[in-house]
Amino acid sequence: MYKIIKKEKLDDAIYSMWIEAPEVASSVQPGQFIILMIKEKGERIPLTVADFDREKGLIHIVFQIVGKTSEELFTLKEGDKLFSFIGPLGKKTEIENYGKVITVGGGTGIACIYPITRALKEAGNEVISIIGARNKELIIMEEEIRKASSELIVTTDDGSYGRKGFVTQVLKELLDKDKFIKKVWTIGPAIMMKVTCETTKPYQVETIVSLNSIMVDGTGMCGSCRVTIGGETKFVCTDGPEFNGQLVDWTEFMNRLSRYKDSEKKSWDLYHEHTHPCSCGRGTN
Amino acid sequence: MAEMIPPKERVKREQIPMPEQEPKERIYNFKEVPLGYTQEQAIYEAQRCLQCKNPKCVPGCPAEINIPKFIEKIVEEDFSSAYLEILKTDDLPAMTGRVCPQEEQCQQVCILEKQKKPIAIGRLERFVADWARENNIHGNLPKISKKEQKVAVVGSGPAGLTCAADLAKLGYEVTIFEALHQPGGVLVYGIPEFRLPKSIVEYEVKEIEKLGVKVITDFVVGTTKSVDELTQEFDAIFLANGAGAPRFMNIPGENLNDVYSANEFLTRANLMKAYLFPKYDTPIKIGKKAATIGAGNVAMDSARTALRLGAEKSYIVYRRSRKEVPARAEEVHHAEEEGIIFNFLTLPVKVLGDGKGNVRGMECLKMELGEPDDSGRRRPIPIPGSNFLIEVDMVIDAIGTSANPIVARSATGVEINQWGYFIIDDNTKTTTKEGIFAGGDIVRGSATVISAVGDGKVAARAIIEFLSSGKSLRKRF
């Protein structure tokens with residue numbers, strides 16, 4: 001179980017894997033997430049499901065190398081197995097026919113917004129997708145998103161591909177132009193989701209974000225992922241991961257994302273010190 | 001065989017104290033605090049047992065152990081038979097021998113309690129279980145033929161494991177579903193290594209698996225599969241998923257970075273082994289001064305864990321007085337020996353931040369005791385204007401848990417009460433849906449390991465009765 005069936009490089013730091021997990025694949029819905037452990041001594045990390053294949057029993061995950069665990073995950077090869085893989089967790093996206101909607105993805109969030117975009121279109125919505133990255137090389141899953149949406153707009157910060165600028169500039173133009181946008185979904189780095197919500201607020205368009213808090217169990221037991229939504233404490237793992245972004249206390253959310261930054265750095269430094277290219281055997285733990 | 005001593009002599013003897021790791025040593029390690037009786041100590045203690053004709057200790061034991069009988073076997077130095085005697089009704093003896101509150105159960109009703117020297121039943125049980133493990137003595141595998149009926153157990157904590165073992169011994173096909181990656185429930189995520197070594201839990205779970213019980217980890221009943229779906233595949237279901245959700249004070253500042261629920265703090269330390277970071281990848285952040293709110297066993301575990309992880313000062317902050325402390329006396333004693341500082345009649349009202357998301361202190365009110373409340377304990381009342389500051393840089397909320405709704409949400413026809421706990425018939429542990437049973441903390445709220453064991457036993461009997469009468473949850477055509 002939990003065998004890596006396929007591994008792909010999407011850009012320099014973002015990788016994609018299809019994992020064999022038939023129980024998860026049989027019940028997962030767009031918007032839900034999984035928690036995985038690479039090895040017994042590993043940590044439990046949550047990842048939003050990027051796609052699934054119920055027939056083959058596979059779950060698609062997309063991750064960016066940001067620390068020790070994600071780098072270690074990247075070193076695994078097709079055929080290797082994960083120690084633990086649980087899910088689906090969290091609530092599914094509320095998919096219905098709203099009319100005209102926009103989905104906004106940035107970074108690995110592009111992968112996470114993909115199944116939501118597809119499900120919205122399948123439900124009869126007209127879906128405009130906006131995906132953005134720093135430059136052309138960092139744009140991932142463009143063709144999949146294009147197929148899943150009614151219209152796709154790509155932005156790059158440096159103008160090396162698509163429109164020059166940020167996703168929020170395009171979003172603002174669309175909202176100015178079209179008064180019939182019913183709802184917006186955005187997944188990406190916290191700061192991008194925050195700015196997206198600030199952009200939509202004056203237009204009073206409900207904007208759903210998917211929060212990537214630090215978790216342990218992911219089933220409502222520990223409360224590590226708590227976040228303030230409209231003045232009330234909620235658990236991202238069981239009440240979310242999707243929330244009305246305009247109600248999120250972003251300062252607190254971003255503070256809590258940095259809870260372990262010292263430990264994360266220590267882990268990373270030690271890992272790199274231990275994976276030097278000689279055969280002394282260090283780095284294997 | 002050790003000598004049987006005359007009753008007069010037995011009464012004269014004093015209880016053998018438990019050898020323990022020295023406090024000044026143990027606050028720097030996670031090794032077990034009580035070291036366990038030696039063979040000689042166990043025999044000497046066992047010889048004190050009066051072997052009452054109508055022993056009061058047996059009905060005092062939710063695990064239904066024939067206590068005088070296994071103690072007699074210790075006197076006979078037949079530890080192997082003593083172990084098999086315990087295993088007849090308790091499949092987790094190394095665990096119950098360590099964490100049961102014997103002083104409120106079997107030992108409280110021991111005839112020698114009147115002289116304040118009851119038989120140290122828990123310590124003897126622990127000795128026998130440890131001896132058997134170290135000497136490779138195992139229980140007898142059931143010789144009974146396999147039955148066709150299948151039972152699903154949700155949760156692999158003490159209630160689930162006990163129920164599963166009792167059913168497997170009678171030949172039923174039992175599958176336990178565990179949400180985490182390791183079986184044991186609260187025994188692995190909650191109770192610290194220094195109170196219950198995880199290798200022991202692992203061992204006892206393996207022994208139960210040998211009875212034919214299948215344990216499936218990484219399976220969240222409620223999301224991976226619903227209870228409704230399980231009713232298509234199993235003839236009966238026992239819900240023992242634990243209370244699960246942490247409670248918070250709901251005071252300002254509680255979402256600051258260094259405020260933990262006890263569940264998170266202990267899960268990181270115990271299940272994820274954050275105390276071995278960076279050898280294990282899960283981090284934990286420890287302040288110089290840690291405040292644990294609450295005074296139950298979980299609070300003691302949290303405060304003592306914080307100390308071992310490097311906190312210079314570890315406080316217990318409790319709104320009632322010493323007299324009302326719900327933790328076991330032994331735990332409080334151990335905590336005090338280790339230098340945990342107790343702040344009684346103190347109510348936190350606000351966690352103060354440093355402007356960067358970190359904790360710099362806790363504002364509290366002084367309390368006084370008023371008239372008794374619903375629990376029969378004197379109600380703590382805040383003294384107006386008594387606000388004061390405790391300088392701390394981390395806070396652990398250990399004020400209890402509430403029901404996690406994931407399992408209940410997926411079980412049509414299984415009703416819950418206003419707190420989210422399953423409504424059951426206390427005699428049979430049957431929920432409002434026939435064929436689905438429930439026990440442990442998801443019925444009782446935060447209770448003890450041994451009451452969960454007791455629920456598992458009662459439920460197993462009711463499940464056997466249900467299945468033997470030809471009933472099933474599955475539709476058979």
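The values are calculated or read from the model by the stated rules, or taken from the named source; none is laboratory data. The model shown is predicted, which means the values in this text are computed figures rather than measured ones. Here the Cβ is made from the backbone with ideal geometry for all residues, glycine too, and neighbour counts use every protein chain on show. Remember, those area values only see protein heavy atoms, side chains included, never the ligands or the DNA or RNA. Shrake-Rupley method; radii C 1.70, N 1.55, O 1.52, S 1.80 Å.
So the values come out like this:
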| read-out | value |
| --- | --- |
| One residue from B:335, B:291 being in a helix (DSSP H, G or I) and within 25 Å of residue B:389 (Cβ to Cβ) | B:335 |
| Filter result (open to solvent by less than 10 Å² (accessible area, probe 1.4 Å) and without any contact (Cβ under 8 Å) to a residue 60 or more places away in the chain) within segment B:130-155 | B:132 |
| The one condition in (1) farther than 30 Å from residue B:178 by Cα; (2) modelled with pLDDT of 95 or more; (3) small (Gly, Ala, Ser) that residue A:210 fails to fulfil | (1) |
| Condition check for residue A:144: open to solvent by 30 Å² or more (accessible area, probe 1.4 Å), in contact (Cβ under 8 Å) with a residue 24 or more places away in the chain and not aliphatic (A, V, I, L, M) | yes |
| Within segment B:42-129, helices (runs of 4 or more DSSP H) holding 2 or more residues that are more than 18 Å from the chain's Cα centre (by Cα) and surrounded by fewer than 23 Cβ atoms within 10 Å (Cβ to Cβ) | B:67-75, B:79-87 |
| Any hit, segment A:155-167, residues being touching a residue at least 60 places away in the same chain (Cβ under 8 Å), within 18 Å of residue A:207 (Cα to Cα) and more than 14 Å from every other protein chain (Cβ to nearest Cβ) | yes |
| Unique residue being among the aromatic types (Phe, Trp, Tyr), open to solvent by 20 Å² or more (accessible area, probe 1.4 Å), within 14 Å of chain A (Cβ to nearest Cβ) and not in a loop (DSSP other than H, G, I, E, B) when the list is B:275, B:315 | B:275 |
| Residue in segment B:89-103 that is without any contact (Cβ under 8 Å) to a residue 60 or more places away in the chain and either aliphatic (A, V, I, L, M) or over 30 Å from residue B:193 (Cβ atoms) (or both) present | no |
| Matching entry among B:359, B:349 (being open to solvent by less than 20 Å² (accessible area, probe 1.4 Å), more than 24 Å from the chain's Cα centre (by Cα) and modelled with pLDDT of 95 or more) | B:359 |
| Residue satisfying condition, being assigned to a strand (DSSP E or B), open to solvent by less than 40 Å² (accessible area, probe 1.4 Å) and more than 27 Å from residue A:265 (Cβ to Cβ), within set A:61, A:4 | A:4 |
| Qualifying strands (runs of 3 or more DSSP E) (wholly inside segment B:150-264; at least 3 residues being within 14 Å of another protein chain (Cβ to nearest Cβ)) | B:244-246, B:259-261 |
| Subset of segment B:287-305 [open to solvent by less than 20 Å² (accessible area, probe 1.4 Å), under 12 Å from residue B:265 (Cβ atoms) and of a type outside the set (Gly, Ala, Ser)] | B:292, B:293, B:301, B:304, B:305 |
| Qualifying residue in segment A:242-255 (condition: within 14 Å of chain B (Cβ to nearest Cβ), surrounded by 24 or more Cβ atoms within 10 Å (Cβ to Cβ) and closer than 25 Å to residue B:277 by Cβ) | yes |
| Residue B:456 being open to solvent by less than 10 Å² (accessible area, probe 1.4 Å) and closer than 10 Å to residue B:159 by Cα | yes |
| Check on residue B:463, in contact with a strand residue (DSSP E or B) (Cβ under 8 Å, 6 or more places away or on another chain), of a type in the set (A, V, I, L, M), over 30 Å from residue B:360 (Cβ atoms) and surrounded by fewer than 16 Cβ atoms within 10 Å (Cβ to Cβ) | no |
| Qualifying positions in segment A:13-25 - touching a Ser or Thr at 6+ places or on another chain (Cβ under 9 Å) and within 17 Å of residue A:84 (Cα to Cα) | A:23, A:24 |
| Yes/no for residue B:338 being open to solvent by less than 20 Å² (accessible area, probe 1.4 Å) and within 24 Å of residue B:102 (Cα to Cα) | yes |
| Residues satisfying the stated conditions in segment A:225-252, i.e. more than 27 Å from residue A:114 (Cβ to Cβ) and not acidic (Asp, Glu) | A:226, A:228, A:230, A:231, A:233, A:251 |
| Of all residues in segment A:50-89 being in contact (Cβ under 8 Å) with a residue 60 or more places away in the chain, away from every other protein chain (no Cβ under 14 Å) and not charged (D, E, K, R), the one that is nearest to residue B:220 (Cα to Cα) | A:50 |
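Conditions (1) open to solvent by 40 Å² or more (accessible area, probe 1.4 Å); (2) of a type in the set (Val, Ile, Thr); (3) within 9 Å of chain A (Cβ to nearest Cβ); (4) under 17 Å from the mean Cα position of the chain (by Cα), marked per residue:
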| residue | (1), (2), (3), (4) |
| --- | --- |
| B:281 | no, no, yes, no |
| B:285 | yes, no, yes, no |
| B:307 | no, no, no, no |
| B:321 | no, no, no, no |
